[in-house]
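**Q** After the structure tokens below, expect a handful of questions from me.
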Ligand code: TXA
Ligand code: MG
């Protein structure tokens with residue numbers, strides 16, 4: 001077992017090692033932002049391409065501000081209202097934030113996680129940590145310490161903070177334009193998550209800001225938000241066409257995937273619970289002898305939270321019917 005207590009994780013991080021830590025969304029593979037060898041090790045361990053930037057995790061707003069060259073009042077509202085929590089904010093990076101972390105971008109992604117153990121670790125360190133999800137590149141994110149162990153076969157120390165309560169990666173948003181004198185800004189959600197676009201708008205409106213949300217369809221995709229992502233060990237088929245019978249589905253996909261042993265992935269009817277359990281379901285049901293996972297999408301699953309889940313499920317799917 002490579003499970004370590006939080007105190008040891010702090011020592012390991014301070015001595016340039018990488019450690020998997022719990023957050024409320026998914027487990028992260030953490031390394032101190034000021035140690036280039038730790039950052040390189042994160043990319044190497046995950047086999048993550050260098051064009052995919054990392055999120056910097058901070059203990060509080062003060063630490064976030066030290067990582068940026070500009071912090072506008074709209075970011076201040078969002079950080080104050082949503083942190084600690086599952087919202088990542090993009091801001092122009094400070095010169096000391098390495099290009100390896102930001103994949104050459106002039107912006108940095110920042111987040112303060114809402115998890116007691118993560119905050120305990122971050123508060124004990126002088127420096128923030130960069131942390132992508134603690135899984136091999138393009139695979140399903142881990143929502144428990146056991147998932148991390150199975151991902152890296154015990155090669156990476158992990159702090160066990162229990163099952164993640166949110167279960168989907170953080171919402172990523174950026175302010176694309178701001179007029180402080182008019183209290184007007186434009187906000188773009190780059191990755192959907194448990195913090196919903198309407199939540200962001202409502203909080204800003206409550207502080208007197210007029211907001212235009214750049215619709216999801218027109219999004220510039222965040223680097224690293226690839227179409228193929230979150231993939232389980234065996235193929236996943238997402239069925240949106242409700243008119244198809246089970247037999248129709250098997251007939252349609254049978255020439256592309258092995259339908260010898262089908263596992264049906266059933267989501268909870270509450271989107272918060274569906275999100276919390278989605279990745280553990282993908283891992284557990286996706287084990288041998290199962291050969292294919294099939295998930296029927298219900299037409300009742302409408303609304304912003306379901307859109308976040310649909311985003312992950314479609315990227316995880318090999319076939320969508
Ligand atoms: O919930 C989460 O955000 C988890 C936990 C561990 O905090 N982390 C996570 O990291 O999901 P990761 O590496 O799997 O996803 C990070 C994504 C990148 O793929 C990219 O899309 C986006 O964050 N990102 C990072 N820096 C960015 C930037 N400067 N501009 C736009 N997008 C950025
Ligand atoms: Mg990831």
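**Q** Going highest first, how would you order 256-269, 145-158 by mean Cβ packing within 10 Å?
**A** 145-158, 256-269
**Q** Quickly rank 181-189, 54-62 as a protection proxy: mean count of other C-beta atoms within 10 Å, highest first.
**A** 54-62, 181-189
**Q** Roughly how tilted is helix 271-285, in degrees to the nearest 10 and between 0 and 90, from the longest Cα axis of the chain?
**A** 60 degrees
**Q** Round to the nearest 10 and give me the degree value, 0 to 90, for the angle of helix 304-316's Cα axis relative to the longest principal axis of the chain.
**A** That works out to roughly 70 degrees.
**Q** Measure nothing but the geometry: give the 0 to 90° angle between the long axis through the Cα atoms of 197-206 and the longest principal axis through the Cα atoms of the chain, rounded to 10°.
**A** With rounding to tens, the tilt is 30 degrees.
**Q** Let me ask another. If you take every DSSP beta bridge whose two residues both sit in the chain, what share of them, in percent to the nearest 5, is antiparallel?
**A** 45 percent
**Q** Which order, highest average first, do 76-86, 91-101, 126-136, 29-39 follow once you tally other Cβ atoms within 10 Å for each residue and take the mean per peptide?
**A** So the peptides 76-86, 91-101, 126-136, 29-39, ranked by packing, come out 126-136, 29-39, 76-86, 91-101.
**Q** From Cα pairs below 8 angstrom and at least 6 apart in sequence, can you work out the relative contact order of the chain, rounded to a whole percent?
**A** The normalised contact order for the chain reaches 19 percent.
Here, each number is a calculation from the coordinates, and none is a lab measurement. The model shown is predicted, which means the values in this text are computed figures rather than measured ones. Every residue, glycine as well, gets a Cβ built from its backbone with ideal geometry; the counts of neighbours run over all protein chains shown.
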